[in-house]
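Reading through the structure tokens given below for one structure.
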Amino acid sequence: MDMDGMDMGNPPAAAMAGMDMNMDSMKYAHMTLYWGKNSLVLFDGFPGSNTGHYILALVIVFVLSAGLEFLSHCCLIGPRWQHTVAELGRSALHMVRMGLYYLVMLALMSFNVGVLLVAILGHAVIFLGHTEGWTSAVASLSHH
């Protein structure tokens with residue numbers, strides 16, 4: 001069908017072949033919350049349907065969220081630092097935290113309930129440790 005000189009026919013075969021390859025990798029992509037090990041978390045094809053890779057993905061998300069919570073509550077930059085160096089250090093730390101927050105957010109966009117739960121658990125464990133004084137003890141060790 002030709003509309004004002006525009007060919008509205010079938011797309012070229014090369015474009016369709018690329019679409020078929022994308023459909024294979026999208027078979028684990030979900031748009032609603034679901035519970036299951038077949039998913040895509042952060043990278044194309046990872047973890048896929050491999051149980052060991054799914055557990056590794058959960059561990060990675062847990063460590064990322066726990067690390068973020070730790071970085072949010074501990075004071076790695078002490079009062080002995082020069083003002084300019086301290087500000088640069090705080091800015092660098094903020095940049096790392098924001099990058100890690102975006103990685104956790106992208107992992108959560110897999111809509112996998114397991115990923116959501118380990119992200120929350122990672123934050124909760126370190127927050128509990130902060131209220132019990134774990135993070136201040138670790139930070140005091142770094143200042144000696």
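Read-outs: derived from the displayed coordinates by stated rules, not from any lab. Source: prediction; values computed, not measured. Don't worry about glycine lacking a Cβ; one is built from the backbone with ideal geometry, like all the others, and counts go over all protein chains shown.
Here is how the numbers come out for the structure above:
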| read-out | value |
| --- | --- |
| Sparsely packed chymotrypsin sites (Phe, Trp or Tyr not before Pro) within segment 65-104, loop by DSSP, other Cβ within 10 Å at most 14 | W81 |
| Extended-chain gain in nm, criterion 0.36 nm per residue less alpha-carbon gap, R80 and V96 | 3.5 nm |
| Candidates per trypsin sites (Lys or Arg not before Pro) in segment 35-102, loop by DSSP, up to 10 other Cβ within 10 Å | R80 |
| Under-5 Å amide H pairs with S39, H placed in peptide plane, nonlocal only | G48 |
| Residue-count net charge about P79 - beta-carbon cut-off 15 Å; Lys, Arg +1, Asp, Glu -1 | +1 |
